[in-house]
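The values are calculated or read from the model by the stated rules, or taken from the named source; none is laboratory data. No experiment lies behind these values; they were computed from the predicted model shown. Backbone-built Cβ (ideal geometry, glycine too); neighbour counts: all protein chains shown.
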Amino acid sequence: MTHRVLIAAEIRNLVELAQLTDLDITWLAADEPTPKGDWVALVPLLSRWVGGTELKNLPNLRIVANVAVGYNNVDVVAAEMRGVMVTNTPGVLTEATADLTWALILATARRIVEGVDLVRSGTWTGWQPEQLLGLELRGRTLGLLGAGRIGQAVGRRAPAFGLRILYSARTPKPDFEKETGAVHVDTGRLLAESDILSLHVPSTPETKGIVNGETLARMKRGAILINTSRGDLIREEALAMALERGHLAAAGLDVYADEPTIHPRLLAAPRTVLLPHIGSATEETRRKMATIAIANVQSVLSGKPPLTPVYGAV
Ligand code: NAP
């Protein structure tokens, strides 16, 4: 028996052909609206909103298999009410995203982009004692807002750079503390003591806008803000103002509130390293994400439980 499924066209080259048996696939490009019809599974990218209307238009839907670990693009309450499973792709993108977070930490602390720009401009006049002075990592404090899979993976890389780790999460992580010397603190202390603050909480109603004018003012003068989680955790205009005033030394961002649009004031702000949402963008990881999404679909359509359901995860 074949099942009619809607799959993001952009993952076509990443999925294993053998996984697609028994699926009657409609490849759906990111810029096409979600259609109405009798499809039983939807495999969307994080750029596709799947809310009440979309779910109503797909009355036979049994699963939304998101190709991301974050699932803030899916109305999970509406899905649960309609008996539609929602799955994500946890775990496989943890190390790739942690590496990219470190790329941003090092790029902002050591002013890599400004250095590249100076060399390329042809105006570099040679070694100078006070040129592009950055932040020495050794002895500083890395603050992790959220210490789940990715936050902890970022933290595990920190001792090699001589950083002390503070973290905030809903529950303490004794194994992580033992391994890295990390200390569980409340958000107030995290803001006040971090030289580098890195965001790893998901986007939820409680975390949206958690970095705003008031919380930025509580951060250390000269601190660096890193975000590889979700853009709407940050009020972008407030961040731009903190950078303009020099209250923050730098910001390294992979994600934005309204992708692919970036707030014009943030785009123009000094000392930013802005990446185009490439946290999980390694060949291996993107293949694994696509594979897990389709494996979830096959599992549910064959009457088995999903491999990586999201209900109850947050
Ligand atoms: P995770 O394992 O679920 O970790 C989330 C962490 O956030 C946990 O420590 C959790 O606390 C904490 N948390 C959740 N809600 C909170 C709240 N209201 N207040 C304080 N802490 C809260 O998720 P993950 O796999 O590390 O992924 C984190 C996020 O990264 C995803 O949601 C996704 O949006 C983003 N991401 C981005 C990229 C990219 O391409 N840039 C790639 C992958 C993931 P507890 O541990 O106490 O529950």
Next item on the list: Please state which one of P44, P90 is touching a Lys or Arg at 6+ places or on another chain (Cβ under 9 Å) and not hydrophobic (A, V, I, L, M, F, W, C).
Entry: P90
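Answer yes or no: is there a residue in region 168-182 that is crowded, with 23+ Cβ neighbours inside 10 Å, of a type in the set (S, T, Y) and more than 8 Å from the ligand (Cβ to nearest atom). Give the derivation first.
So the first thing to find is which residues in region 168-182 are crowded, with 23+ Cβ neighbours inside 10 Å, and the list is 182.
Right, trim to of a type in the set (S, T, Y) and you get none.
Scanning region 168-182, I find no residue that is crowded, with 23+ Cβ neighbours inside 10 Å, of a type in the set (S, T, Y) and more than 8 Å from the ligand (Cβ to nearest atom), so the answer is no.
Can you pull out the residues in region 21-34 that are in contact with a Ser or Thr (Cβ under 8 Å, 6 or more places away or on another chain) and not in a strand (DSSP E or B)? Lay out the reasoning, then the answer.
Applying the first criterion (in contact with a Ser or Thr (Cβ under 8 Å, 6 or more places away or on another chain)) to region 21-34 yields 22-24, 28, 30.
Passing the criteria: D22, A30.
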Next item on the list: Could you please find all residues in region 190-207 being within 10 Å of the ligand (Cβ to nearest atom) and in contact with a helix residue (DSSP H, G or I) (Cβ under 8 Å, 6 or more places away or on another chain)?
Entry: L199, H200, V201, S203, T207
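Out of all the residues in region 87-128, which are of a type in the set (K, R), surrounded by fewer than 20 Cβ atoms within 10 Å (Cβ to Cβ) and in contact (Cβ under 8 Å) with a residue 12 or more places away in the chain? Steps first, answer last, please.
Of region 87-128, the ones of a type in the set (K, R) are 110-111, 120.
Going one step further and asking which of them are surrounded by fewer than 20 Cβ atoms within 10 Å (Cβ to Cβ), we end up with 110, 120.
Answer for region 87-128, where residues must be of a type in the set (K, R), surrounded by fewer than 20 Cβ atoms within 10 Å (Cβ to Cβ) and in contact (Cβ under 8 Å) with a residue 12 or more places away in the chain: just R110.
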Checklist line | Scan of region 81-102 for residues that are more than 10 Å from the ligand (Cβ to nearest atom) and in contact with a strand residue (DSSP E or B) (Cβ under 8 Å, 6 or more places away or on another chain), ordered by number | finding: V84, M85, V86, T87
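I'm checking my understanding of the structure. Among residues of region 145-167 that are under 16 Å from T108 (Cβ atoms) and of a type in the set (A, V, I, L, M), which one is surrounded by the most Cβ atoms within 10 Å (Cβ to Cβ)? Working first, answer last.
Applying the first criterion (under 16 Å from T108 (Cβ atoms)) to region 145-167 yields 154, 157-158, 161, 163.
Of the ones still in play, those that are also of a type in the set (A, V, I, L, M) are 154, 158, 163.
On the way: V154: 27, A158: 23, L163: 22.
Selected residue: V154.
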Next item on the list: Could you check T187 against (1) surrounded by 18 or more Cβ atoms within 10 Å (Cβ to Cβ); (2) within 15 Å of the ligand (Cβ to nearest atom) and say which number it fails?
Entry: (1)
Checklist line | Test: residue in region 95-103 that is part of a loop (DSSP other than H, G, I, E, B) and either of a type in the set (V, I, T) or at pLDDT 95 or above (or both) | finding: no
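A quick yes/no check of all residues on (1) farther than 27 Å from G155 by Cα; (2) within 16 Å of the ligand (Cβ to nearest atom):
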residue: A242; (1), (2): no, no
residue: D254; (1), (2): no, yes
residue: P264; (1), (2): yes, no
residue: L274; (1), (2): no, yes
residue: G279; (1), (2): no, yes
Margin query: Condition (residue is under 20 Å from the mean Cα position of the chain (by Cα), on the phi > 0 side of the Ramachandran plot and part of a loop (DSSP other than H, G, I, E, B)) applied to region 216-224: is it met by at least one residue?
Written below: no
Margin query: Here's a check for you: in region 281-306, which residue that is within 16 Å of the ligand (Cβ to nearest atom) and surrounded by fewer than 16 Cβ atoms within 10 Å (Cβ to Cβ) is nearest to the chain's Cα centre (by Cα)?
Written below: A281
